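> One structure, pasted below without further comment.
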Amino acid sequence: MVARSSSLGRRGPVASVALQRYSADMDNFNDTTSAASLLATRRSGKARDMVDPGPDPTQQRAILATAMRVPDHGKLAPWRFVTIAGDQRAALSAALEAAYVADTPDAGRLEREAARSFAVQAPWLVVVLSHPNPDSHIPLWEQQLSAGAATMQLCNAAHALGFVANWLTGWVTYSPAVSALLAIPGETIAGFVFIGSPGKPLDERPRPDFDAVVREWRG
Ligand SMILES: Cc1cc2nc3c(=O)[nH]c(=O)nc-3n(C[C@H](O)[C@H](O)[C@H](O)COP(=O)(O)O)c2cc1C
């Protein structure tokens, strides 16, 4: 995915180092030239800007299979993926609006519209669930981390096939009514991952200062 950035300086040290190293084209995000360049230049798309094509059924299966290949202490597979088929998006959209109104009875027209439009963004939608095994000796936190890794891997897998992904949460993630629609008891929504092709050029977002987030332990 090629995109223009208004200012290289906004990229911050981490991304600029990566881009200098992996790409002669300094504006190349999600550079699939190599695995290293893809990871170093990864950039989410915005769900609301995504357009067709999305992944076809074979690609969808490949993306999901890749998402399952994550660190998982105890081999518990403590995550689940709920795919929303194209012909179910309108039904989910209506259900999300109803859930929003149930949670927020005084919701205004714009809020209702936002709730209704959420599920119909982008060509494809996958809901990732944390699905911990409460009887396991593996700590819950580790099982939840694995669900986060699976969500990230889902995004990376989509990017590797030339699509963009967007991991979103928001009220839909924390609404008991929405959880009842998508999860079984004991599961927690990790995120809504929208996948498609970018309808607009990607641009960089500020990145953390390398030295602010890396420190060396010296005993
Ligand atoms: C758990 C989680 C929840 C997120 N929820 C939202 C969200 O609701 N809205 C949003 O704009 N970005 C959200 N993000 C951030 C985006 O997924 C994305 O990472 C961010 O826009 C940065 O872009 P990048 O992925 O290219 O670094 C979330 C990220 C994580 C890890």
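The values are calculated or read from the model by the stated rules, or taken from the named source; none is laboratory data. Given the structure is predicted, the values throughout are model-derived calculations rather than measurements. Neighbour counts run over all protein chains shown; Cβ positions are idealised from the backbone, glycine included.
> Could you say whether any residue in the stretch 142-158 is outside any helix (DSSP H, G or I), in contact with a Phe, Trp or Tyr (Cβ under 7 Å, 6 or more places away or on another chain) and either over 30 Å from Lys75 (Cβ atoms) or hydrophobic (A, V, I, L, M, F, W, C) (or both)? If you could, list the steps in order and put the result at the bottom.
The first filter runs over the stretch 142-158 and keeps only residues outside any helix (DSSP H, G or I), leaving none.
No, the stretch 142-158 contains no residue that is outside any helix (DSSP H, G or I), in contact with a Phe, Trp or Tyr (Cβ under 7 Å, 6 or more places away or on another chain) and either over 30 Å from Lys75 (Cβ atoms) or hydrophobic (A, V, I, L, M, F, W, C) (or both).
> Same structure again: Within the stretch 84-103, work out how many residues are out of contact with any helix residue (DSSP H, G or I) (no Cβ under 7 Å at 6 or more places or on another chain) and not small (Gly, Ala, Ser).
Count: 4.
> Take the residues in the stretch 49-63 that are of a type in the set (A, V, I, L, M) and surrounded by fewer than 18 Cβ atoms within 10 Å (Cβ to Cβ); name whichever of them is nearest to the ligand (Cβ to nearest atom).
Residues of the stretch 49-63 that are of a type in the set (A, V, I, L, M), as a first pass: 50-51, 62-63.
Adding the requirement that they be surrounded by fewer than 18 Cβ atoms within 10 Å (Cβ to Cβ) leaves 51, 62.
Values: Val51: 18, Ala62: 21 Å.
Looking at the filtered set, the residue picked out is Val51.
> Same structure again: Which ones in the stretch 11-48 are assigned to a loop (DSSP other than H, G, I, E, B), away from the ligand (no atom under 16 Å from the Cβ) and at pLDDT 95 or above?
Scanning the stretch 11-48 gives Thr33, Ser34.
> Right, another one. What are the residues in the stretch 82-94 that are closer than 17 Å to Gly191 by Cα and assigned to a helix (DSSP H, G or I), if any?
Correct list: Arg89, Leu92, Ser93.
> Sort through Ala90, Ala95, Ala102 and tell me the only one that's of a type outside the set (Lys, Arg), away from the ligand (no atom under 14 Å from the Cβ) and free of Cβ contacts under 8 Å to residues at least 60 places away in the same chain.
Details: Ala95 fails: free of Cβ contacts under 8 Å to residues at least 60 places away in the same chain; Ala102 fails: free of Cβ contacts under 8 Å to residues at least 60 places away in the same chain.
After ruling out the rest, the residue left standing is Ala90.
> Can you name the residue in the stretch 177-210 that is touching a residue at least 40 places away in the same chain (Cβ under 8 Å) and part of a helix (DSSP H, G or I) and is also nearest to the ligand (Cβ to nearest atom) among such residues?
Ranking the qualifying residues of the stretch 177-210, first place goes to Val178.
> One residue is enough: does the stretch 120-133 have a residue meeting the conditions among the hydroxyl-bearing types (Ser, Thr, Tyr) and out of contact with any Ser or Thr (no Cβ under 6 Å at 6 or more places or on another chain)?
No, the stretch 120-133 has no match at all.
> How about the stretch 105-128: which of its residues are assigned to a loop (DSSP other than H, G, I, E, B) and within 23 Å of the chain's Cα centre (by Cα)?
Our first condition is that a residue be assigned to a loop (DSSP other than H, G, I, E, B); within the stretch 105-128, this holds for 105-108, 119-123.
Hits for the stretch 105-128 are Ala119, Val120, Gln121, Ala122, Pro123.
> Filter the stretch 138-167 for residues that are within 13 Å of the ligand (Cβ to nearest atom) and of a type in the set (A, V, I, L, M) and give the result.
The initial filter retains those residues of the stretch 138-167 that are within 13 Å of the ligand (Cβ to nearest atom), namely 144-145, 147-156, 158-159, 164-167.
Those that are within 13 Å of the ligand (Cβ to nearest atom) and of a type in the set (A, V, I, L, M): Leu145, Ala147, Ala149, Ala150, Met152, Leu154, Ala158, Val164, Ala165.
> Return the pair list, or none, for Cβ contacts closer than 8 Å from residues in the stretch 131-144 that are of a type in the set (Gly, Ala, Ser) to residues that are surrounded by fewer than 17 Cβ atoms within 10 Å (Cβ to Cβ), at least 6 apart or on different chains.
Here the result reads Ser136/Gly74; Ser136/Leu76, each pair linking the stretch 131-144 to a residue that is surrounded by fewer than 17 Cβ atoms within 10 Å (Cβ to Cβ).
> So Gln143 passes all but one of these: (1) surrounded by fewer than 18 Cβ atoms within 10 Å (Cβ to Cβ); (2) over 16 Å from the mean Cα position of the chain (by Cα); (3) of a type in the set (S, T, N, Q). Which condition number does it fail?
All conditions pass for Gln143, except number (1).
> I've got another one for you. Can you find a residue in the stretch 82-89 that is assigned by TED's automatic domain parsing to the domain that holds Phe194 and more than 20 Å from Val193 (Cβ to Cβ)?
No: zero hits.
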